[in-house]
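Here's the structure, in structure tokens; my notes come after.
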Amino acid sequence: MSGVRPNLRLVTEPAHVIATRTFYDAIAEDYAELFRTELDDAPLDRALLTGFAETVRREHADPSTVEAGCGPGVVTDQLRRLGLQVRGIDLSPAMVALARRTFPQVGFAVGEMGRLDAADATLAAVVAWYSLIHVPEGDRPAVLAEFRRVLRPGGYLLLGFQAGTDTLRLDEAFGQQVSLDFHRLDPDAVVAMTEGAGLELVARLVRAPERRSSAAAVPQAAVIARRPG
Ligand SMILES: C[S@@+](CC[C@H](N)C(=O)[O-])C[C@H]1O[C@@H](n2cnc3c(N)ncnc32)[C@H](O)[C@@H]1O
């Protein structure tokens, strides 16, 4: 059969998925060290996670939760301490290995947030804490649809992100030549997108830039939405 190469494996992963994995695999150890104590110095983030976990637990006796894009697992473990039955998934095998080593009491797996390893309507909550920021605009509705698919009726979604409309392109991080886009997201557009995915708004929060770190030097936002039912 001319022209057919049966051993050729089709690469179907989107470019942003490959770029994100490459970036975080290269910097996992340095990133984890920098953000190891990220929550200790962020009382408003801790308050938000606490309020979110309590909201979920109040309505779901089985608070099964996935943190999508868990990185080194600091937030995943915080959600566990707050009473959620949480597991973390991340594109980067290096991040997942690191998270497992640091928090052996939590389950972590390599995975992609656009294709979650969870059956329809089985989760009480999905958290995407500063991870949707790496998904290009055109791909975000499909990711939101995936979050809605896995949430039970009455299940909650929490999105954390830097607020804005621009995209920061890093071509170097921790001395490594790796490139990645960090999209700042317009909170109103995120609300519209969650509503477009069939979720209803619970909270939209924006806070002013802070001096505590360069990562916090732009406005920070969170959106909580709920699958009706
Ligand atoms: C800025 S870090 C945030 C990590 C963690 N949520 C935290 O706040 O410490 C973004 C993480 O999201 C992951 N990520 C980005 N896009 C993803 C995708 N499509 N599927 C799974 N993980 C993804 C990256 O690999 C990275 O570990």
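Pick from GLY88, GLY51: which is of a type outside the set (Ser, Thr, Tyr) and either over 18 Å from ILE224 (Cα atoms) or touching a Cys at 6+ places or on another chain (Cβ under 7 Å) (or both)?
GLY88
Working only within the stretch 159-178, note down all residues that are among the small types (Gly, Ala, Ser) and at negative phi. Quick ask: steps written out before the conclusion?
Looking only at the stretch 159-178, we keep the residues that are among the small types (Gly, Ala, Ser), and these are 160, 163-164, 173, 175.
Residues satisfying the conditions are GLY160, ALA163, ALA173.
Quickly run through the stretch 107-129 and pick out the residues that are open to solvent by less than 50 Å² (accessible area, probe 1.4 Å) and either within 19 Å of GLN162 (Cβ to Cβ) or in a strand (DSSP E or B) (or both). It would help to see each step written out before you state the result.
Taking the stretch 107-129 first, the residues open to solvent by less than 50 Å² (accessible area, probe 1.4 Å) are 107-109, 111-114, 116, 118, 121, 123-129.
Across the stretch 107-129, the qualifying residues are GLY107, PHE108, ALA109, GLU112, MET113, LEU123, ALA124, ALA125, VAL126, VAL127, ALA128, TRP129.
What number of residues within the stretch 161-187 satisfy the criterion of being closer than 13 Å to PHE23 by Cβ and not basic (Lys, Arg)?
Step one: of the stretch 161-187, the residues closer than 13 Å to PHE23 by Cβ are 168-174, 176-182.
With the extra rule that they be not basic (Lys, Arg), the set shrinks to 168, 170-174, 176-182.
Residues meeting the conditions: 13.
Name the single residue, out of those in the stretch 71-98 being in a helix (DSSP H, G or I) and among the small types (Gly, Ala, Ser), that is nearest to the ligand (Cβ to nearest atom). Show your work before the answer.
Just the residues of the stretch 71-98 that are in a helix (DSSP H, G or I), to begin with: 74-81, 93-98.
Among the residues that remain, those that are also among the small types (Gly, Ala, Ser) are: 94, 97.
Numbers: ALA94: 9, ALA97: 12 Å.
Among those that are in a helix (DSSP H, G or I) and among the small types (Gly, Ala, Ser), it is ALA94.
Here is a list of conditions, (1) in a loop (DSSP other than H, G, I, E, B); (2) away from the ligand (no atom under 13 Å from the Cβ); (3) not hydroxyl-bearing (Ser, Thr, Tyr), and ARG101 meets all of them except one; can you say which number that is?
All conditions pass for ARG101, except number (1).
ALA109 versus (1) away from the ligand (no atom under 15 Å from the Cβ); (2) touching a Gly at 6+ places or on another chain (Cβ under 8 Å); (3) not β-branched (Val, Ile, Thr): which is the lone unmet condition?
All conditions pass for ALA109, except number (1).
Could you list, in sequence order, the residues of the stretch 153-185 that are surrounded by 15 or more Cβ atoms within 10 Å (Cβ to Cβ) and in a loop (DSSP other than H, G, I, E, B)?
GLY164, VAL178, ARG184
For every residue, the table says whether it meets (1) at pLDDT 95 or above; (2) out of contact with any helix residue (DSSP H, G or I) (no Cβ under 6 Å at 6 or more places or on another chain); (3) more than 22 Å from GLY155 (Cβ to Cβ); (4) open to solvent by less than 20 Å² (accessible area, probe 1.4 Å).
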site: LEU8; (1), (2), (3), (4): no, yes, yes, no
site: VAL11; (1), (2), (3), (4): no, yes, yes, no
site: LEU34; (1), (2), (3), (4): no, yes, yes, no
site: ASP41; (1), (2), (3), (4): no, yes, yes, no
site: ASP62; (1), (2), (3), (4): yes, yes, no, no
site: ASP77; (1), (2), (3), (4): yes, yes, no, yes
site: ARG87; (1), (2), (3), (4): yes, yes, no, no
site: LEU91; (1), (2), (3), (4): yes, no, yes, no
site: PHE103; (1), (2), (3), (4): yes, no, yes, no
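Being in contact with a Pro (Cβ under 9 Å, 6 or more places away or on another chain) and either more than 14 Å from the ligand (Cβ to nearest atom) or touching a residue at least 40 places away in the same chain (Cβ under 8 Å) (or both) narrows it down to one residue among ALA197, ALA128, ALA192, ALA145; which is it?
Values: ALA128 fails: in contact with a Pro (Cβ under 9 Å, 6 or more places away or on another chain); ALA192 fails: in contact with a Pro (Cβ under 9 Å, 6 or more places away or on another chain); ALA145 fails: in contact with a Pro (Cβ under 9 Å, 6 or more places away or on another chain).
Answer to the selection: ALA197.
Which members of the stretch 69-84 meet the condition of being on the phi < 0 side of the Ramachandran plot and touching a residue at least 24 places away in the same chain (Cβ under 8 Å)?
Narrowing the stretch 69-84 to residues on the phi < 0 side of the Ramachandran plot: 70, 72, 74-82, 84.
CYS70, PRO72, VAL74, VAL75, THR76, ASP77, GLN78, LEU79, ARG80, LEU82, LEU84, listed by residue number.
Got at least one residue in the stretch 48-59 being at pLDDT 95 or above, touching a helix residue (DSSP H, G or I) at 6+ places or on another chain (Cβ under 7 Å) and in a loop (DSSP other than H, G, I, E, B)?
Of the residues in the stretch 48-59, the ones at pLDDT 95 or above are 48-59.
Next, only the ones that are touching a helix residue (DSSP H, G or I) at 6+ places or on another chain (Cβ under 7 Å) stay: 49, 53.
Cutting the leftovers down to in a loop (DSSP other than H, G, I, E, B) gives us none.
No, the stretch 48-59 contains no residue that is at pLDDT 95 or above, touching a helix residue (DSSP H, G or I) at 6+ places or on another chain (Cβ under 7 Å) and in a loop (DSSP other than H, G, I, E, B).
Looking at the stretch 100-138, which of the residues that are of a type in the set (D, E, K, R) and under 14 Å from the mean Cα position of the chain (by Cα) is farthest from LEU199 (Cα to Cα)? Show your work before the answer.
Filtering the stretch 100-138 for residues of a type in the set (D, E, K, R) gives 100-101, 112, 115, 117, 120, 137.
Next, from what is left, pick out any that are under 14 Å from the mean Cα position of the chain (by Cα): 112, 115.
Numbers: GLU112: 21, ARG115: 18 Å.
Per the criteria, the residue is GLU112.
Can VAL190 be described as within 26 Å of ARG21 (Cβ to Cβ) and not in a helix (DSSP H, G or I)?
The answer is no for VAL190.
The values are calculated or read from the model by the stated rules, or taken from the named source; none is laboratory data. Please read these numbers as outputs of a predicted model, since none were measured by experiment. Because the Cβ atoms are built from the backbone with ideal geometry, glycine has one as well, and the counts that use them run over all protein chains shown. SASA here: full protein model, heavy atoms, side chains in, ligands and nucleic acids out. Shrake-Rupley method; radii C 1.70, N 1.55, O 1.52, S 1.80 Å.
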